[in-house]
Amino acid sequence: MNTPIRGLDSGQLLLIAAAGLLAVAGVAYTAAVGPERPEVAIGFGALIAVGELARLTMPGNREVAPIGAAAALGYTLLLDMSGVPLEHSAFQVVAVISVGMIAGALPHLAVGRPPRLDAVARRLLTGALLAFAFRPLAGPLSDFTRQVDPVTGQPDPNWWPALAVMVVLIGLALLADVFIAALLRAEQVRTAFRVAVRDEINMAFPLGAAVAASGVLLALATHSMDMVALLVFAAPLLVTQVAFRKYAGIRATYLQTVRALSRVTEVGGYVEPGHSRRVSRLAVAVGRELGMAEPELLELEYAALMHDIGQLSLRDPIPSGATVLTDPGQARRIAELGAEVIKQTGVLDRVAELVRRQCDQVAEEPPVSSRIIKAANGYDDLVGGSTDRDRAGAALERLRLGAGVEYDLEVIDALARVIDRLAPFHRL
């Protein structure tokens with residue numbers, strides 16, 4: 001989902017403002033002094049535009065443009081082309097990246113799919129940081145790649161100094177990108193900064209490392225292949241991006257299917273409208289409060305959405321679908337039947353286990369996700385869609401009476417913090 005300006009937090013606005021100032025400064029400086037090797041700048045800028053045009057959204061609502069990022073990285077690290085040194089400045093790198101991003105975004109804007117401004121700004125800022133760190137070193141490093149053997153008079157290039165500097169600076173740039181992304185994500189999804197850093201490292205860093213390797217190879221290939229290197233590397237990068245898009249599409253299809261299944265109980269009148277969605281959102285918020293990683297949160301979301309699907313086996317629906325008010329034995333049977341239904345998918349066995357164990361007592365040591373679902377479900381069974389604080393407080397007190405036996409005290413405490421933060425200003 002695209003982020004409108006009015007929905008941006010202060011961190012996002014600051015990032016966008018910084019990137020905007022850099023873009024203006026880069027374009028203005030390049031226009032004033034004139035571009036260095038404009039044909040090279042146009043070639044890389046075109047590839048950046050193609051990458052932005054083919055951007056995709058990865059799990060966790062992360063917008064990425066692998067081809068554009070690799071092209072930007074390659075242009076930043078260029079030392080020479082066919083033996084001729086390239087001396088473009090860091091400001092020109094910023095200008096090329098900015099113009100390429102804008103050109104790639106225009107078709108999306110024309111059809112009403114604007115890019116996420118914070119994601120674009122982060123990509124530009126990371127590229128600018130690397131450019132200002134590397135471009136002042138490009139001249140001295142290119143001397144090593146063009147050195148001549150004093151005895152034979154033949155070319156004797158030494159790429160190791162350049163490669164070492166590239167690897168170190170790229171590593172620092174990736175860490176800076178992870179840090180910026182974690183700061184933004186911690187604020188957006190209300191999770192601890194350390195958890196956001198861990199998630200960014202696990203989810204985004206591998207793709208960043210692959211893009212970095214592609215950018216380095218692209219920069220090195222131009223030494224002997226000239227501009228042909230852009231065409232040679234664009235093809236495999238495009239294939240890789242298509243694979244990522246398919247993966248992201250499969251993940252999205254899973255979630256859409258699970259959401260559709262969760263609505264069956266509502267359509268059939270077994271639970272109140274919106275119950276599964278509210279329990280899912282509340283459970284994920286509690287999971288974040290407890291510091292769960294993104295893969296765990298995804299499983300928790302699936303299980304919370306389908307936690308009541310076993311009620312379809314009932315001849316007579318439970319009043320309002322409130323399993324918290326029914327016999328514990330019946331609630332356990334509903335959970336077990338729901339788990340069997342989920343297992344039939346053949347790909348959600350872990351989710352089925354979380355649903356099956358949602359009615360276990362604390363002494364039986366159910367998974368944390370199952371404990372969260374039980375607490376979130378109990379709360380919503382008692383409160384529903386109401387945002388009344390007194391009703392919420394009474395429901396939490398009722399759940400606390402079962403803490404240590406039916407409910408995990410740590411989960412109840414986390415649930416109370418989430419409710420206090422969200423109600424009555426937000427409706428789950």
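The values are calculated or read from the model by the stated rules, or taken from the named source; none is laboratory data. These numbers were taken from a predicted model, which means no experiment stands behind them. Using ideal geometry, Cβ is built from the backbone for each residue, glycine included, and neighbour counts are taken over all protein chains shown. When the accessible area is computed, the model is the full protein with side chains, heavy atoms only, and any ligands, DNA or RNA have been set aside. Shrake-Rupley method; radii C 1.70, N 1.55, O 1.52, S 1.80 Å.
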Quick one: is Ala394 surrounded by fewer than 16 Cβ atoms within 10 Å (Cβ to Cβ), of a type in the set (A, V, I, L, M, F, W, C) and closer than 20 Å to His275 by Cα?
yes
Any idea how many residues of the stretch 397-412 are assigned to a helix (DSSP H, G or I), open to solvent by 50 Å² or more (accessible area, probe 1.4 Å) and either within 13 Å of Val286 (Cα to Cα) or of a type outside the set (A, V, I, L, M) (or both)?
5
Considering the stretch 252-286 alone, what residues qualify as being open to solvent by less than 60 Å² (accessible area, probe 1.4 Å), among the hydroxyl-bearing types (Ser, Thr, Tyr) and in a helix (DSSP H, G or I)?
Ser262, Thr265, Ser276, Ser280
Quick check, is Tyr247 open to solvent by 30 Å² or more (accessible area, probe 1.4 Å), within 15 Å of the chain's Cα centre (by Cα), at pLDDT below 80 and not aliphatic (A, V, I, L, M)?
yes
Of the residues in the stretch 363-380, those that are open to solvent by 30 Å² or more (accessible area, probe 1.4 Å) and under 22 Å from Ile318 (Cα atoms) come to Arg371
Restricting to the stretch 67-84, what's the tally of residues that are under 11 Å from Thr222 (Cα atoms) and open to solvent by 10 Å² or more (accessible area, probe 1.4 Å)?
3
Inside the stretch 153-194, the number of residues satisfying the requirement of being open to solvent by less than 70 Å² (accessible area, probe 1.4 Å), modelled with pLDDT of 85 or more and among the aliphatic types (A, V, I, L, M) is 15
Touching a Lys or Arg at 6+ places or on another chain (Cβ under 9 Å) and of a type in the set (S, T, N, Q), is that true of Thr191?
yes
I'm told Leu78 meets every condition in (1) out of contact with any Gly (no Cβ under 9 Å at 6 or more places or on another chain); (2) in a helix (DSSP H, G or I); (3) within 27 Å of Leu238 (Cα to Cα) except one. Can you identify the failing condition by its number?
(2)
Which listed residue is at pLDDT below 90 and within 34 Å of the chain's Cα centre (by Cα), from Ala293, Ala303:
Ala293
Just name the residue that is nearest to Leu78 (Cα to Cα) out of those in the stretch 7-27 that are modelled with pLDDT of 95 or more and open to solvent by 60 Å² or more (accessible area, probe 1.4 Å).
Val27
Failed condition for Glu289, given (1) open to solvent by 10 Å² or more (accessible area, probe 1.4 Å); (2) under 28 Å from Ile250 (Cβ atoms); (3) in contact (Cβ under 8 Å) with a residue 60 or more places away in the chain, with all others met?
(2)
Does Ala32 satisfy being small (Gly, Ala, Ser), exposed (fewer than 15 other Cβ atoms within 10 Å of the Cβ), modelled with pLDDT of 90 or more and more than 29 Å from Gly112 (Cα to Cα)?
yes
